[in-house]
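Bear in mind these aren't lab numbers, they're just calculated from the coordinates by the rules spelled out. All of these numbers come straight from a predicted model, not from anything done at the bench. No Cβ is skipped: glycine too gets one built from the backbone with ideal geometry, and neighbour counts run over all protein chains shown.
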Amino acid sequence: MALLHKFMLASALSMAFGTTERTDTAEPQQPGGCHALPSLLQSAGSSLTCIAASLINCQANENDQLSIAQDLRDTMSEVRRAIVDAERRRRRPRHCRDLQLDGDSESGVRRVFPFRSSPDAAATVYCDQETDGGGWTVFQRRLKLPVREDFYRTWVEYELGFGHMDGGEFWLGLDLVHRLTSTGLQEMRIDLTDYEDNAKWAKYGVFHLGDASTKYRLKVGRYNGTAGDGFGSGRHDGHPFTTHDNDNDGDGANCAARYRGAWWYDKCHISNLNGFPYEGDHESYADGIEWQPWRGYHYSLKTTTMMIRPAF
């Protein structure tokens, strides 16, 4: 029985580990790994039982190594996916300046990703890649069109935005402008034309809007340009936004209702670019698309563009 047991064990080991008799014409096999172990142990005088135990341990070690190798491959695949995802997120443009740096030199409607808490959330903006070096995200535009956009809007409409970016008049939205100015220090440029086709511009080295809890309080400063400082003398800097249905100005009455607009009013304004679209001279006082330092309080401008980009 002992001899039969040894024979059966040897046969099982031979089948399990691929040891077969060779013919004289067969290519000699070079033993390696666990397959070389039986002959080595037999040469050393080990019993078949010991050989079997050694082979089982060897096979277990090989299985462990294969498992570890697979785990490493899986981990490396996860790392590669994470790197690709991080690179994809890093390249997502926050604003039009990022698009320009990525090689987009055309003006037009684009998608950006300015929301820090929701990096996959996109917003639609209009990019000006031509004026003053490009990289500008436009947040207000007034044009002389056969059908004009109504800018005498509610608080909610000014908060969310309205109009038509692709070739029309629009307001981007206070909340989105706040998000854009929170991506880093911004500068603002304003371009103005009158009905005699004269053009002026104003540029501010600092521009920021607070969040909704501040009523989108304005921080603006460091003026230069040709239009005169329409935000100067503290008349707008540091003030919250006001609409006809949400009065946050420093006047006893509602400046937005009085001057048919919506703005960062104090008592009340020296600029009113969201005012009523009269065509040039008008008799009423200060309720048109006004930039007082240039054309005074009785002249409504033909076109306006307000836009921002990173200051550095």
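Among the GluC sites (Glu not before Pro) found in the range 203-303, those both in a DSSP coil and sparsely packed, with 16 or fewer other Cβ atoms within 10 Å of their Cβ, are 279, 283. Charged neighbours of residue 254, selected by a Cβ distance under 10 Å, balance to -3 (K, R count +1; D, E count -1).
Computed over the range 94-310, the range of Cα coordinates on each principal axis works out to 48, 39, 34 Å, biggest value leading. Only lysines eight or more places from residue 219 in sequence, or on another chain, were considered; those with a Cα closer than 20 Å are 203, 267.
Of the trypsin sites (Lys or Arg not before Pro) found in the range 207-312, those that fall in a DSSP loop while having at most 16 other beta-carbon atoms within 10 Å are 267. Within the range 115-199, the trypsin sites (Lys or Arg not before Pro) that combine a DSSP coil assignment with at most 15 other C-beta atoms in a 10 angstrom radius are 116, 144, 148.
Couplings 3J(HN,Hα) of the range 222-233, computed from phi: 6, 6, 8, x, 10, 8, x, 7, x, 10, x, 6 Hz, in residue order, whole Hz [Karplus 6.51 cos²θ - 1.76 cosθ + 1.60, θ = phi - 60°; x for Gly and Pro]. Give the cross-link partners of residue 144 among the lysines, using a straight C-alpha distance below 16 Å as the criterion and excluding same-chain residues fewer than 8 apart. Here the lysines satisfying the reach criterion relative to residue 144 are 302. Less than 5 angstrom separates the built amide H of residue 300 from those of 280, 281, 282, all sequence-distant by 5 or more or on a different chain.
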